[in-house]
Amino acid sequence: MPNSPIADLSYRNYDGPMSPPHTRWWPIAKMSMRLAIKSKGFWIWATLSSYAYLIYMVIFYFTDSTGTASGRSNPYFTMLKWHDTFVASFTLSQLLLLIVALLIGAGSIANDNRSNALLVYLSRPVSKLDYIFGKWLGIAIPIAAIVFVPMLTYYGYCAMSYAKYGFFSQDHWIIVKIFLIPICAGIVHASLSIGISSMFNQGRIAGATYAAVYFIGYFFTVLVGQLYIGVTGIGPNQFLKNLFYCSPDGLQVGLAKVIAGTNGSEAFTGFTRHIVPRPDPWFIILLLIVVILFGFGVAWNRIRPVEIVSR
Amino acid sequence: MESIANIQGLTVKYGSFTALDNLTVNVPAGCIGLLGPNGAGKTTLLKTVLGFVQPASGTATVLGHSIETEGKFIRQKIGLMPEQDCHIPGMSAVRFVAYAGELSGMPKAQALRRAHEVLEYCGLGEARYRQVETYSTGMKQRIKFAQALVHGPKLLLLDEPTNGLDPKGRDDMLELVRTVCHDKGLSAIVSSHLLPDVERTCDQVIVLMKGTVRAQGLISDLKKLQGFPVDVELREPNPNFTTEILQAGVKLISAKSASFRLLVPGNDREISKTVQACARKAGAQVRGLSRAERTLEEIFLTAVQDQNDTSHINRPIADISQSQTNEPPVITGEN
């Protein structure tokens, strides 16, 4: 008998249950998520990305416990717009979200290209759309989750501590909004990740490209922002306002502002002097659709089970 | 014989290049060798069967499903072992194989159980928790085989299964393929350039050339030569032996040094007697006397010899030989 814990080593046919060959994107999404959460870096950067909410909570705690005379309202809290604090925290966490997106998204398709994994996927009852959507979901869900968890924690803290300062009365729908903002962040990063990742055979190069696109877009946004707030004398106008949000970073912030229904304010201070107001909703939604179509379109064109060589 | 694939008038083009040209073939169940020179259309045929490539015209059914409309159902019943290395990065072998099973539609627990089974079967039981990236070439071949088997396919498509293997690894791999196909009732299409591999594992062959079928049939039939010729091997070259056998009315098919291929009338006993008598008269010593048959290499070379002649489609290899040489029919092939 062979030296193996399994006594019968001969081949046996499998006659067990098989699901119909539909919705094959779900195992792909699950596996992508499983691989993402196996990485220590994911947990480290995901935790760090919640720093802004933590700072808010610490400031609130000390302000509340030290700066208020007994029985009187704290002026700091009365001037706060609560939904602005969500948007500001989300804005501050953008760079760290980018790092998480690079960790879990940049190599998602590029590494499969390198190791010919597409042959494994596409020789199964998995369509190209199943594959792309599964990969997309496998990036979108973790990113949405790491945005959502600190938001919900922050929401819980504020709900328990600051109801008397208008946390609920200012915006009744804030709980719904903190569901939608993370979803948008997940969609933007996932769409860009799969689009850029599918263009390369190495995750690192895909990651570098994504980071380059992100930072070029960010500097573009900063430049447009300076133009908008009047540094050069051009002054605010509708075109510049919308143009400000035409970058991966700007798109997410714009979506957050539109969803929260606020123009935003500076983090921690609440000032609005140097703030570009929220974009037109139709514009930002259109931009989101363009980004989604870009991601899926590029991936669709780049992913092939066979190399077609023209002859 | 039961058919696993029925292909009718299939044409596949890559731009202006025609990879499969009005291909019509009925692939029977069993272990089939797919032979052909580079660019003959072997891999294109496998990829078309899998739905990777859209045909320009023609129809095909695989395991009763149309390749045009039921690609997913076909792929659920097929296991592909591609020629090139392929794995999913960041996974251990058992996770990779189980994941392949899940992608095919197996429940997670079943896929994991089955992954352990097939990895044991493929000889990777000890290494199942290692990352696939760290595997040697031979182990990577085995894991490709394991992921093709995990969901219990009805048909295996094996593209160059012994690529990059050392002699021992090659032997082991061929034994695995042979066992699965012959003892367990799976069908397999083995595409290979290595004719001994095909001969060892397959019962039947399909020879492709320029996107058309040039020969098809049981290897044993294709090897047969008409008229039961025999191969005679003498101890040393002897010109008198040729004279003697011609005088005895024996047809000399070929002579090379001390080896002769003869067409001798009569049954086995009479053939033996005739050869021995001729040898005695010529003063030669017979070292070997056996039924002559063609090698698979000869079958293959004959089939692909005339690249411009496409009139042999779906005809036995013997007919091809006859039409090319205009010599008396000496080779037969029966399906």
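Per the listing A:Ser65, A:Ser89, A:Ser115, A:Ser108, the residue uniquely among the polar types (S, T, N, Q) and in contact with a Lys or Arg (Cβ under 7 Å, 6 or more places away or on another chain) is A:Ser108.
The listed residues are A:Ala46, A:Ala36, A:Ala52, and the only one of them that is touching a helix residue (DSSP H, G or I) at 6+ places or on another chain (Cβ under 6 Å) and either within 12 Å of chain B (Cβ to nearest Cβ) or under 30 Å from B:Gly101 (Cα atoms) (or both) turns out to be A:Ala36.
Conditions first: (1) closer than 28 Å to A:Tyr165 by Cβ; (2) assigned to a loop (DSSP other than H, G, I, E, B). A:Gly16 passes all but one, so which condition is the exception? The number of the failed condition is (1).
Looking only at helices (runs of 4 or more DSSP H) that fall completely inside the range A:165-274, which ones have 2 or more residues that are at pLDDT 90 or above? The qualifying helices (runs of 4 or more DSSP H) are A:174-197, A:203-228, A:248-260. Within the range B:62-92, the only residue that satisfies the criterion of being at pLDDT 90 or above, small (Gly, Ala, Ser) and over 29 Å from the mean Cα position of the chain (by Cα) is B:Ser92.
Residues in the range B:98-123 that are touching a residue at least 24 places away in the same chain (Cβ under 8 Å) and farther than 30 Å from B:Asn6 by Cα: 8 in all.
The condition of being modelled with pLDDT under 95, surrounded by 14 or more Cβ atoms within 10 Å (Cβ to Cβ) and among the small types (Gly, Ala, Ser) holds for only one of A:Ser4, A:Ser39, that being A:Ser39.
Residues that are in contact with a Gly (Cβ under 9 Å, 6 or more places away or on another chain) and of a type in the set (Val, Ile, Thr) within the range A:274-305 comprise A:Ile275, A:Val276, A:Ile284, A:Val291, A:Val298, listed in sequence order. Restricting the range A:69-118 to residues that are in a loop (DSSP other than H, G, I, E, B) and among the charged types (D, E, K, R), the residue that is modelled with the highest pLDDT is A:Lys81.
Of all the residues in the range B:60-92, those that are among the polar types (S, T, N, Q), over 28 Å from A:Gly107 (Cβ atoms) and assigned to a loop (DSSP other than H, G, I, E, B) number 1. Set side by side, the residues B:Pro28, B:Pro89 differ, and just one is within 14 Å of chain A (Cβ to nearest Cβ) and touching a residue at least 24 places away in the same chain (Cβ under 8 Å), which is B:Pro89. If the condition is being part of a loop (DSSP other than H, G, I, E, B) and within 27 Å of B:Cys181 (Cα to Cα), then the range B:1-38 contributes B:Met1, B:Glu2, B:Ala29, B:Gly30, B:Gly36, B:Pro37, B:Asn38. Of the set (1) within 11 Å of chain A (Cβ to nearest Cβ); (2) outside any helix (DSSP H, G or I); (3) hydrophobic (A, V, I, L, M, F, W, C), all apply to B:Leu158 but (1). Here the range B:93-115 is the region considered, the condition is being within 7 Å of another protein chain (Cβ to nearest Cβ), over 15 Å from A:Val120 (Cα atoms) and in a helix (DSSP H, G or I), and the residue that is farthest from the chain's Cα centre (by Cα) is B:Gln110. B:Asp221 meets the conditions (1) surrounded by fewer than 21 Cβ atoms within 10 Å (Cβ to Cβ); (2) over 32 Å from the mean Cα position of the chain (by Cα) in every case but one. The failed one is (2). Within the range B:124-141, residues that are part of a strand (DSSP E or B) sit with their Cβ atoms under 8 Å from residues that are not small (Gly, Ala, Ser), at 6+ positions apart or across chains, in these pairs: B:Gln131/B:Met91.
The values are calculated or read from the model by the stated rules, or taken from the named source; none is laboratory data. It should be emphasised that the depicted structure is a prediction, and the values quoted were computed from it without experimental measurement. Reconstructed Cβ throughout: ideal geometry from the backbone, glycine too, with neighbour counts over all protein chains shown.
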